[in-house]
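J.: Structure incoming, see below.
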Amino acid sequence: MYLDNEEERMLNGEEGEAKKIAMEIILRLGDFYGAEKTVKINNAHISGISYKNIGDAGIDFLEKFVNEKVAVKTTINPIGFDLDFPEFFTDDDDFLKKQMKIVDIFHRIGVIPSLTCTPYYIVDIKSGEHISWAESSAIVYANSIIGARTNRESGISALASAIIGRSAYYGLHTDEGRKATHKVILDFSPEFFDYAVLGLFIGLNIRNGIPYIVGLKNDLDALKSLGAAMNSTGSIPMFHAEGITPEWKIADNAEEIIHVDKDDLRATKEKFSVDIEPESVMIGCPHLSEGELYAIEAYLRNRKLREGKNLFLFTSRHLKNKLMNVVSKIEKSGAKVFSDTCMVVSPISNRYKILGLSSGKATYYIGREKIKVFFSDMETVLGMVTYES
Ligand code: F3S
């Protein structure tokens, strides 16, 4: 891989140990994927920062970077609890201390303490910009809906890119790597919840590739849900939606064609869902948008939480602060709105045997933890734990 003078200096350790490690990581990745050079990035987003996910080995690795600063604007994913209510999520002091240590390391290296998987609501990313994002749902959103360019980075490679301000130039950074591999034609007009199920279906059926989808509507929250689900059951870092996403006009070149009908969605939903009343409902994977918070508030107006049930919602601290009025109206129903964390990266889901979820991504991951999931549209799951008052 060709390296410029500055990159050579970083690799030789002349710019410090942290940049040397970061440069080595990017070089190794580039060599593996056949990149000929690096590309400068404008932004990074780092995932895998919950102590539940990275453990002590992850902390040891992060400590190698504490004396360095990120070279580009960088955000971070949710952690294992809400910073305002840590004891609600865990009574394990060791877990709390170690999670805070991780947050402190990121603070010291200069990241924005966003603690959300929806950095695109916080930072202004433009179509065509090269970025380095980890967090599977955010990667699809950035590539597909914004038109920015990032590979499916890991927390480690996104951190390395943030430190040196570069990524290896291959895959989704190139025009070639963004071409559709499959054409997916919907034989029905999808409703909001269908996007989550369709995402699971596409991930399971394409596994690895880029779909060009015909028949979607231009609803950003629905497309967010679709992308998050497909990059969970499959390794699908991008989709093109005909007439909607920025690059659809140059992407309709896939030879393999898949037709999807309502029966396909019904079968996919059945694969992931049980028909048992949930003890608790959790919504907000990916973190809830402004529009979704308003929609939930409207649904819960004049409704109350049923005895013995729980309703937990997850959004970014940024939006929770911005919409305090909406959040307090939602919480009048008995629901709790949390930030900084979610049902997958915190230990909260493990308290329950049956959960009600409307997210395809959360259903996939929580279902793998042997927790039963009642998977349905938002109104249905909300209705199962609340009553009209
Ligand atoms: Fe976000 Fe947690 Fe889902 S990090 S995408 S809410 S698994």
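J.: Using a cut-off of under 15 Å, list every residue of the stretch 226-267 whose amide N is near the label point 7 Å from the Cα of residue 188 along the Cα-to-beta-carbon line.
T.: Backbone N within reach: 259-267.
J.: Within the chain, what is the longest stretch that has no GluC sites (Glu not before Pro) placed in a DSSP loop and near at most 14 other beta-carbon atoms within 10 Å?
T.: Values: sites that count: 14, 36, 191, 255, 307, 369.
It works out to 37-190.
J.: Tally Lys/Arg at +1 and Asp/Glu at -1 over every other residue whose Cβ is under 13 Å from the Cβ of residue 135; what's the total?
T.: On the way: positive: 152, 224, 361; negative: 153.
Residues near residue 135 contribute +2 overall.
J.: Something else about it: Using 1/(1 + (r/R0)^6) with R0 = 35 angstrom and r between the beta carbons of residue 321 and residue 56, what's the FRET efficiency to the nearest 0.05? Please list the in-between numbers first.
T.: On the way: r = 32 Å, r/R0 = 0.92.
After rounding to 0.05, the efficiency reads 0.60.
J.: Hey, another quick one. If you roll a 1.4 Å probe over the heavy atoms of the protein chains, what accessible area per residue do you get for the stretch 179-270, in Å²? Write down the numbers at each step before the final one.
T.: Details: 3750 Å² over 92 residues.
For the stretch 179-270, the solvent-accessible area averages 41 Å² per residue.
J.: Still on this structure, I have one more. In deg cm²/dmol and to the nearest 500, what is the mean residue ellipticity at 222 nm of the chain if only DSSP H runs of at least 4 residues count, each as -39500 (n - 2.57), divided by the residue total?
T.: Numbers: 15 runs with 154 residues, N = 389.
My calculation for the chain gives -11500 deg cm²/dmol from helical runs alone.
J.: Let me ask something else. Which value, in Å², gives the accessible area per residue of the stretch 273-388 when a 1.4 Å probe is used on the protein heavy atoms?
T.: Values: 4680 Å² over 116 residues.
Solvent-accessible surface per residue comes out at 40 Å².
J.: Related question: From the backbone phi of the stretch 245-254, what are the Karplus-calculated ³J(HN,Hα) couplings (6.51 cos²θ - 1.76 cosθ + 1.60, θ = phi - 60°) in whole Hz, Gly and Pro given as x?
T.: Those phi angles translate into 7, x, 10, 4, 5, 9, 10, 7, 10, 6 Hz.
J.: Between residue 123 and residue 32, 0.36 nm times their residue separation minus their Cα-Cα distance comes to what?
T.: Details: separation 91, 0.36 × 91 = 32.76 nm, distance 3.05 nm.
Answer, rounded to one decimal: 29.7 nm.
J.: A further question on this structure: Kindly give Rg over Rh for the stretch 273-388, based on alpha-carbon atoms, with the Kirkwood expression for the hydrodynamic radius.
T.: Taking Rh as the inverse mean 1/r over Cα pairs, Rg/Rh reads 0.93.
J.: Taking a probe of 1.4 angstrom, what is the accessible area of residue 92 in Å², to the nearest 10?
T.: It works out to around 70 Å².
J.: Let me ask another. Pop a pseudo-label 7 angstrom from the Cα along the beta-carbon direction at both residue 354 and residue 8 and give the gap in nm to one decimal.
T.: 6.7
J.: From the square roots a ≥ b ≥ c of the eigenvalues of the alpha-carbon gyration tensor of the stretch 5-173, which class results: rounded (a/c under 1.5), prolate (a/b over b/c), or oblate?
T.: Values: a/c = 2.14, a/b = 1.35, b/c = 1.58.
Since a/c reaches 1.5 but b/c is at least a/b, the shape of the stretch 5-173 is classed as oblate.
J.: Once you have a ≥ b ≥ c as the square roots of the Cα gyration tensor eigenvalues for the chain, tell me rounded if a/c is under 1.5, and otherwise prolate or oblate according to whether a/b is larger than b/c.
T.: Oblate is the answer for the chain, as a/c is 1.5 or above yet b/c matches or exceeds a/b.
J.: So how far apart, in nm, are the two label points at residue 256 and residue 63 if each is 7 Å from Cα heading toward Cβ?
T.: About 4.5 nm, to one decimal.
J.: Per residue, how much accessible surface does the stretch 1-138 expose to a 1.4 Å probe? Answer in Å², no decimals. Each step should come with its number before you reach the end.
T.: Working: 6450 Å² over 138 residues.
Accessible area per residue: 47 Å².
J.: Moving on to the next point. List the chymotrypsin sites (Phe, Trp or Tyr not before Pro) within the stretch 1-84 that fall in a DSSP loop (any state other than H, G, I, E or B) and whose Cβ has at most 13 other Cβ atoms within 10 Å. If you can, show how the numbers build up before the last one.
T.: Numbers: sites: 2, 32, 33, 51, 61, 65, 81; in loops: 2, 65, 81.
Those satisfying the criteria are 2.
J.: By Kyte-Doolittle mean hydropathy of at least 0.5 and Cα axial length of at least 18 Å, which whole DSSP H helices of the chain are selected? Intermediate results must be reported in sequence, preceding the final value.
T.: Values: long enough: 17-33 (24 Å, 0.29); 93-108 (22 Å, -0.56); 192-206 (22 Å, 1.71); 220-233 (20 Å, 0.36).
Counting only whole DSSP H runs, the qualifying helices are 192-206.
J.: Let me ask something else about it. Is the stretch 179-270 rounded, prolate or oblate when judged by the Cα gyration tensor, a ≥ b ≥ c being the square roots of its eigenvalues, rounded requiring a/c under 1.5 and prolate requiring a/b larger than b/c? Can you show the working numbers first?
T.: Values: a/c = 1.40, a/b = 1.25, b/c = 1.12.
Rounded is the answer for the stretch 179-270, as its axis ratio a/c remains below 1.5.
J.: Something else now. Using a 1.4 angstrom probe on the protein heavy atoms only, could you order 122, 250, 105 from most to least accessible area? Kindly include the intermediate steps, with their values, before the conclusion.
T.: Working: 122 60, 250 130, 105 5 Å².
Result, largest first: 250, 122, 105.
J.: Multiplying the sequence separation of residue 277 and residue 290 by 0.36 nm and subtracting their Cα-Cα distance, what value in nm do you get?
T.: Numbers: separation 13, 0.36 × 13 = 4.68 nm, distance 2.83 nm.
This chain segment gains 1.8 nm when fully extended.
J.: Tell me the relative contact order for the chain as a rounded percent, counting alpha carbon contacts under 8 Å between residues six or more apart.
T.: Details: 870 pairs, mean separation 68.3, N = 389.
Answer for the chain is 18 percent.
J.: Now a separate question. For the chain, what proportion of DSSP beta bridges, expressed in % and rounded to the nearest 5, is antiparallel?
T.: On the way: 6 of 42 bridges.
If we restrict to bridges inside the chain, about 15 percent are antiparallel.
J.: Taking all protein chains as present, what is the carbon and sulfur share of the accessible area of the chain, in % to the nearest whole number, probe 1.4 Å? All intermediate terms of the calculation are to be shown ahead of the outcome.
T.: Working: 7730 of 16070 Å².
Within the chain, the accessible surface is 48 percent carbon and sulfur.
J.: While we're here: Could you work out how much longer the chain between residue 218 and residue 266 gets when fully extended? Use 0.36 nm per residue separation minus the Cα distance between them, nm to one decimal. List each step's numbers first, then the result.
T.: On the way: separation 48, 0.36 × 48 = 17.28 nm, distance 2.27 nm.
Length gained between residue 218 and residue 266: 15.0 nm.
The values are calculated or read from the model by the stated rules, or taken from the named source; none is laboratory data. In this text the structure is predicted, and so the values were computed from the model without any measurement. Ideal geometry is used to build each Cβ from the backbone, glycine not excepted, and the neighbour counts take in all protein chains shown. Side chains are part of the model used for accessible areas, which takes the heavy atoms of the whole protein and leaves out ligands, DNA and RNA. Shrake-Rupley method; radii C 1.70, N 1.55, O 1.52, S 1.80 Å.
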